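Okay, so here's the structure we're looking at.
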Amino acid sequence: MKTVLIIDDAKFMMDRLIDILEEVGQEVVGRAINGEEGVKLYKELKPDLVFLDINMPVIRGRDALVQIINFDPDANVVMCSTVGSEDGIEECIEEGAIYYVLKPFIKDTVIDL
C-alpha cells in the first residue's frame, strides 16, 4: 500500500481520485487545495506518491513541484491536468515529475502508477 497526497483545488476531481485510490487499496494521507498547503503537507507527511494539479491558486503546480523536488529529490510526483490545458507538462517532467495524468481521472490510468 502506498501513502498518497493529493494537491488539487477542484474538490470533485479530488473526490474522484480519492475514490479510485481507496478502491485499489491505497491510503490517502493528505489533501491540499493549493500549492502552498501541498508543499507544507508533503514536508510533514513524506508520502510515497503525490498527485499535483498544474493549475492552482497561491502557488502554481509547477512551482510546488520544484519546491517538493528541492526538498526531496526522490519524491514521486504525478502531475494532473485537464484535457486541453496540458501546457507545462513537459516542463514539469523536466523538473522531476515522474508522470502525468489527464482529468477527468480514469481508473485504469491511475492504478497503473
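Can you pull out every residue in segment 5-29 that is more than 16 Å from Lys103 (Cβ to Cβ) and under 11 Å from the mean Cα position of the chain (by Cα)? The answer is Leu5, and nothing else.
Of all residues in segment 55-83, count the ones that are assigned to a loop (DSSP other than H, G, I, E, B), under 15 Å from Asp9 (Cα atoms) and of a type in the set (S, T, N, Q).
Quick first cut of segment 55-83, residues assigned to a loop (DSSP other than H, G, I, E, B) only: 55-60, 72-76, 83.
The next check asks that each one be under 15 Å from Asp9 (Cα atoms); those that pass are 55-60.
Then keep just the ones that are of a type in the set (S, T, N, Q); that gives 55.
Looking only at that region, the number is 1.
Can you find a residue that is modelled with pLDDT of 90 or more, touching a Gly at 6+ places or on another chain (Cβ under 7 Å) and charged (D, E, K, R) anywhere in segment 34-44?
From segment 34-44, those modelled with pLDDT of 90 or more are 34-44; that's our starting set.
In the following step, the residues that additionally are touching a Gly at 6+ places or on another chain (Cβ under 7 Å) were identified as 35, 41.
Adding the requirement that they be charged (D, E, K, R) leaves none.
Looking through segment 34-44, none of the residues is modelled with pLDDT of 90 or more, touching a Gly at 6+ places or on another chain (Cβ under 7 Å) and charged (D, E, K, R).
Among the residues of segment 76-104 satisfying the criterion of being under 11 Å from the mean Cα position of the chain (by Cα) and hydrophobic (A, V, I, L, M, F, W, C), which is modelled with the lowest pLDDT? Full working, then the answer.
Initially, segment 76-104 is screened for residues under 11 Å from the mean Cα position of the chain (by Cα), giving 76-81, 97-101.
Subset that is hydrophobic (A, V, I, L, M, F, W, C): 77-80, 97-98, 101.
Numbers: Val77: 97, Val78: 94, Met79: 92, Cys80: 89, Ala97: 94, Ile98: 93, Val101: 84.
Filtering segment 76-104 for residues that are under 11 Å from the mean Cα position of the chain (by Cα) and hydrophobic (A, V, I, L, M, F, W, C), the one modelled with the lowest pLDDT comes out as Val101.
Among the criteria (1) out of contact with any Gly (no Cβ under 8 Å at 6 or more places or on another chain); (2) in a strand (DSSP E or B), the one Val50 does not fulfil is (1). Scanning segment 1-17 for residues that are in a helix (DSSP H, G or I) and buried (at least 18 other Cβ atoms within 10 Å of the Cβ) turns up Met13, Met14, Arg16, Leu17.
Close Cβ contacts (under 9 Å, 6 or more residues apart or on different chains) running from residues in segment 26-47 that are more than 13 Å from Ala75 (Cβ to Cβ) and touching a residue at least 24 places away in the same chain (Cβ under 8 Å) to residues that are of a type in the set (S, T, N, Q) and outside any helix (DSSP H, G or I) comprise Gln26/Thr3; Glu27/Thr3; Val28/Thr3; Val29/Thr3; Gly30/Thr3.
Taking the conditions exactly as written (of a type in the set (Gly, Ala, Ser), surrounded by fewer than 18 Cβ atoms within 10 Å (Cβ to Cβ) and more than 18 Å from Pro104 (Cβ to Cβ)), does Gly25 satisfy them or not? So Gly25 passes the test.
The values are calculated or read from the model by the stated rules, or taken from the named source; none is laboratory data. Please read all numbers here as calculations on a predicted model, not as lab measurements. For neighbour counting, all protein chains shown are included, and Cβ atoms are generated from backbone atoms with ideal geometry for every residue, glycine included.
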